[in-house]
Amino acid sequence: MNEAASKVLERIFLKLGNLHKPIYPVMMIAAVKGICRPAFTMMDKTEEPETKRYTALREGLTEIIAIPTYFACGKASASLSRLFPEKIRGNAATNLMFMGVCGAALFAIPALCSVAIKPIMDVIHKKRNPQPQPILLSGTVRPTKFPVTYHNNFHSLNTFSSRLPDTYRLNSRIGGV
């Protein structure tokens, strides 16, 4: 390759490397996943419509939770770079930001999703499918429920043991004689 082209590429790569912040591409990937996954789920012709809606909504909510979590964890971990010497503070901030994004993907996002998505989905599901209330006529009384009692009428679990011939109970062999 030409030496001038090599210098230009080197300057471009150094400039991109110095401006690299890991949270931006990860947040962009989460945004694209938040748009494309629900869209592709809704385009699936083999699934039932209710299943498609539930899955698409769950995927979208996951990515809505993921984007601010990536940003917050990345920025919070990058702020720890002030603990490092001035000489390596810039590289430390980038590396700490990358570790914060990885920690968000491994721990924070699954934890937040397991806490937040179930109540949100329950609220949305109740709005979509309200439970019908039973109609009671005036003056009627609901029947009382009596406790169910179980009685153990089985005296022995060895029901068939006395019916087997002696050859099967004593020194029986598999496969015949």
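Have a look at 56, 40, 28 and report the one farthest towards the positive end of the charge dipole of the range 3-128, computed about the Cα centre with Cβ charges (Lys/Arg +1, Asp/Glu -1).
Farthest towards the positive end: 28.
For the range 51-57, what does the Karplus curve 6.51 cos²θ - 1.76 cosθ + 1.60, with θ = phi - 60°, yield as ³J(HN,Hα) per residue in whole Hz, taken in order and with x for Gly and Pro?
Listing the rounded values in order: 5, 5, 4, 4, 5, 5, 5 Hz.
³J(HN,Hα) across the range 84-95 via Karplus (A = 6.51, B = -1.76, C = 1.60, θ = phi - 60°), whole Hz, x for Gly/Pro?
My calculation for the range 84-95 gives 9, x, 4, 5, 10, 4, x, 5, 5, 5, 5, 5 Hz in order.
Show me 108-118, 55-65, 88-98 ranked by packing, highest mean number of other Cβ atoms within 10 Å first.
The peptides rank, most packed first, as 55-65, 88-98, 108-118.
Any idea how far apart residue 95 and residue 33 come out in nm if each label point goes 7 Å out from Cα toward Cβ?
Modelled inter-label distance: 2.6 nm.
For residue 11 and residue 64, FRET efficiency with R0 = 41 Å and r from the beta-carbon atoms, rounded to 0.05?
Calculated value: 0.60.
Each reported figure results from applying straightforward, stated rules to the coordinates on display, with no laboratory input. What you are looking at is a predicted structure, and each value in this text was computed from that prediction instead of being measured. In this analysis, Cβ positions are derived from the backbone assuming ideal geometry, glycine residues included, and neighbour counts consider all displayed protein chains.
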